[in-house]
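Scroll down for the structure; my scribbles are underneath it.
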Amino acid sequence: MESAPSTCFLRRGLVGYGLKSAQVTVRLYSSSWQRWYPTSCKMRQRNFSLQNKRQQAKKINLPANTSIKPIDDNNTNTSNTRKGGISPTNSNFEPTDNSNLPEGNNSDSDQETDSSTNIPVIEYGYLEGEGCITSSQPDEVRSLHNDNVDSADGSVHFDENTSSYLPSNVIPVVSQGSRLQFFTEKKSGSTTGNGGQQRSGIGLQDLIGMIRSAEKNIHLLNAARIRALEDLEKILSEKESLQGEINNLEMKLAETDARLKVAAQEKIRVELLEGQLEKLRIELSNREEHEQELNNVVSSSQFDIVSSFSQELDSLRAENTTLQDELQALKAELSCIRETDQRVQTLEEERSLLQSSFKELEFKLAASHEDVSTIPSLKSECKNLYEKVEDLQTLLDKATEQADQAFLALQQNQELRKKVDQLEDSVGETSDYKLSSEKMQHHNELMQQKIELLDDRLNNSNEEIHYYFKLCQDSINEFQETLNALKEESKKSAEDESVHDKPSEFWSNLLLLVDGWFLEKKISVDQVKMLREMIWNRERSICDSYMSMQGKSEREIISTFLKLTSSTTGERLHVIHIAAEMAPVAKVGGLGDVVTGLSKALQRKGHLVEVVLPKYDCMQYESIHDLKVLDVAVESYFDGRLFKNKIWVGTVEGLPVYFIEPLHPSKFFWRNQFYGEKDDFKRFSYFSRAALELILQAGKKPDIIHCHDWQTAFVAPLYWDLYVPKGLDSARICFTCHNFEYQGLAPASELASCGLDVHQLNRPDRMQDHSANDRVNPVKGAVVFSNIVTTVSPTYAQEVRSSEGGRGLQNIINTYSKKFVGILNGIDTDAWNPATDPFLKVQYHSNDIDGKAENKEALRRHLQLSSANDRQPLVACITRLVPQKGVHLIRHAIYQTLELGGQFVLLGSSPVPKIQREFEEICDHFKTHEHARLILKYDEALSHLIYAASDMLIIPSIFEPCGLTQMIAMRYGSIPIVRKTGGLNDSVFDFDDETIPPHFRNGFTFLTADEQDFNSALKRAFYHYMNDGDNWKQLVQKVMNLDFSWDSSAPLYEQLYRKSVARARARS
């Protein structure tokens, strides 16, 4: 008798797999999920078990060539079939062994089988046919089946109730080879009545139908498995976002705890005020009672009071009239003020005219500065000449003295000559008188001897005079020769100085002059290339030509320069920075400092470095030298049309800079601020394309184009997609992300404005953001399309590879990890130098740090802090008040410092209104405090003084990509107290950590961003400052001598540049 399949098959399912095979082994065994069986299945199982207990099974062997084929759905009776089916998939299954059987079974096929505890197994041959998964099916389906093979070991699983689908007297058992073996039950009743008749019918069609139905159920389960995996991925992504929200909530919780402490203090204050209010109420009630008594006493004099009130009312009316007259007078003055405003506007126009005239005068003054720059060297040379002249003058004085002595000797000789003549006359007279006495003769002999002596002296004096005159003449000749030699030396040194000692501004102006000629179509591409090489190599010929052509017309200068053109070669790099900031002209944060510092360091190493910036209306124009507009307009594409751009050139810190001023109706960079506009995505995508257009039209062939942060991240895809096909193909792209928190997300449709293909770029492996399919991420695009990707410290480079630090970009960063590196930023040691800082009260250096105490006293006087204790530590904080900087710990540090007996100074403001209001309240609270002061703005000059005056500087950042504050603080001898994260972890090492070599220990660190860890670091710093003055002084001197200049970091960028350029040249 055939039985219909049970519903348990649909509920629990079968697992099977199909491959191209001629014969397959299918194993059916039970599961332990009996509690899921339907009632009907349980009843059948119980009945079948009882029958097996009472009856003995009989073994039936089918022929070896018997095969069971699948039944076509079209030919199968609907009463005996189910939806779906099952197909065997693996023809290489091993024969079933005892290990696959549940407990209670033996390998002996003659063993009696209990269906309630044992598992029947069927082995049968199954040919490839309908319902099988073949090689022609899609890979996706095959892969799903392969996955299931790993988990199910290639078996087909049946319930215990599978026996209900077979005839009641048939029990399937393990077969040998290809034979299908069954046990048939012996019906005791039928053998006694019918003489041992056996009943042996097998419902094979039902079995095949069940298998096919199970196969379809498997497909449904596989589809459900795929959906479950997709749901799992969604759950994991939601988990990551929830983890980020949890982190934010933890930060908010920490801030809330701090606020609760402040609120508790305010509550105590309110309770005190309530007590005072209650006292005032009691006093008021006492006064009211007293007034009632007075009213009762003076009721008779109420009439007089009313009359006095009426008089006061009249006086008030008179005062009201007077006030009205005064109001009219004020209105008249207001009209005068309006007229004054008009005059002020007129004066403002005149001021603008004067300012333009002033700029022209500045241009002329800059030209004169080139001559003035040679004055110091000439002064030193003149000083040397004066010293040599003085030496010669000394020699001349000696010679003059000797000449005077010779002249005196000559006079004496002349007098002696006169005396000799007189004696000769007297001798002649004596000879005339012919004195013949012996006395006269003896006298004559004596006189003759004297005359001979005098003649000898005269001869000797003449020789001395000639010697001294010759010596004087030689000295004069030597002086003349020395003077001529000094003149030649001065001329030669002036020539050398004109080439090698010319300031960077001179060569930058010369380069901008040549580029301007090319953009104005006055010289050709080859000519500008040759002139750039000559300027790059700082050749004397072009310098001499330029100096000799001062005051000449532009045509004459161009003609002279073109005569100098010749081919040049060199191994130096041509680097162009495209950025939104550059210190000091356009600075918001550390980006501006990095662009200027890195560019100057590369320029000092002999590379040609140029910078391209937007021309903001709020720049510090006084920091730009020789600013002028070129007589050319560069056109760039945006929103389906071409827009013209004015190109301005000038030098900043000795670097050539191009400023792009878009002639666009939206006035992109005339907003009185650098960032924070609703259309920032369009503003900077426009600028990025205009910058590349300028490089293309100027005929430049840079080796490196270096872009920074999301504002210029568009440069990377624009370069490869649009400008390489146009011929701008010499450069490698370097992208530096200074903070992965700012990614510039926008709708994908806005990407089309600058000419990029939205369909090609809005993909998960390119610019599509992970948060939504219709949003693009410029930073992600730069990571994908750049040849070099850097960030600002090695530790931060590791942090952004995690889900917490990567801000959703960790997967793409890990994908391109081979080109991703972290390089610690440097600082401009020329701008931050306590030995030359003009903002300090007293300059000082590491060998003489007494100036710190004097600057500390000056800051205290400036901020009106107490100066009673010279040894009282001064703790400072100079930062932007944003959540990233750990504002809850900064707020806590104020109170903790005061509790430890120190003084605290905060300099900074917050773009977040809530945080700004909170710190304004704290500022009001400490407005008159003698040990704390908050200055809620940024003041460049005051920041220099705070660095020099402070003993410690706190930086409790939640995360910090690099941080320059700790480097500047150590440059000025202020010891940093920082949290170990990002660049802080790479530059500050704990003073008390014995695992670190002593010469590296330069500050105090803590790990967890909570008050307990911060308190520990601050207390340790206070302990060393108060109790170990000598070691503290040595620590201050040590940190001041540390080298955080760009000269240490720039070679790492130079190495990356050279490797990338070398790889590109090798491939080409």
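The table below lists the values:
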read-out: Förster-model FRET efficiency, 22 Å R0, L564 and K646, C-beta, rounded to 0.05; value: 0.10
read-out: Solvent-accessible heavy-atom area per residue, rounded to whole Å², over the stretch 542-633 at 1.4 Å; value: 41
read-out: Å² per residue, accessible surface of the stretch 898-969 at 1.4 Å; value: 37
read-out: For L728, net neighbour charge (Lys/Arg +1, Asp/Glu -1) across residues whose Cβ lies under 10 Å away; value: +1
read-out: Residue-level accessible surface for F785, protein heavy atoms, 1.4 Å, Å²; value: 40
read-out: Cα centroid of the stretch 761-801 to Cα centroid of the stretch 705-734, whole Å; value: 15
read-out: Separation between Cα centres of the stretch 875-893 and the stretch 594-627, rounded to whole Å; value: 31
read-out: Segment H845-E319, length gained on full extension (0.36 nm per residue, minus Cα span); value: 182.6 nm
read-out: Interchain or long-range residues, amide H under 5 Å from G822's placed H; value: T791
read-out: Sequence of Y1023, Y616, Y637 when ordered by accessible area, the most exposed leading, probe 1.4 angstrom; value: Y1023, Y637, Y616
read-out: Simple label model, 7 Å out from Cα along Cβ direction - R287 to L898, nm; value: 3.3
read-out: Trypsin sites (Lys or Arg not before Pro) within the stretch 836-945, DSSP loop, no more than 14 other Cβ atoms inside 10 Å; value: R871, K927, K937
read-out: Solvent-accessible area, 1.4 Å probe, carbon plus sulfur percent, for the stretch 754-835; value: 45
read-out: Stretch gain in nm, segment D1010-E940, where the contour uses 0.36 nm per residue and the Cα spacing is subtracted; value: 22.2 nm
read-out: Å² per residue, accessible surface of the stretch 772-892 at 1.4 Å; value: 40
read-out: Cα centroid separation, the stretch 513-543 to the stretch 1018-1049 (Å); value: 49
read-out: Accessible area of the stretch 593-708 belonging to carbon and sulfur atoms, whole % at 1.4 Å probe; value: 47
read-out: Gyration tensor (alpha-carbon) shape descriptor, the stretch 640-726, a/c threshold 1.5; value: rounded
read-out: Rounded percent of accessible protein surface that carbon and sulfur make up, the stretch 914-1040, 1.4 Å probe; value: 50
read-out: Under 5 Å, built H, 5+ apart or other chain: amide partners of H738; value: D709
read-out: Estimated distance in nm for a label pair at L277 and E854, the labels positioned 7 Å out from Cα along Cα-to-Cβ; value: 5.5
read-out: Placed amide H near F638: partners under 5 Å, 5+ positions off or other chain; value: F643
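The values are calculated or read from the model by the stated rules, or taken from the named source; none is laboratory data. Owing to the predicted nature of the structure, the values given are computational and were not obtained by experimental measurement. Positions of Cβ are backbone-derived with ideal geometry, glycine not excepted, and every protein chain shown enters the neighbour counts. Ligands, DNA and RNA are excluded from the accessible area calculation, which covers all protein heavy atoms including side chains. Shrake-Rupley method; radii C 1.70, N 1.55, O 1.52, S 1.80 Å.
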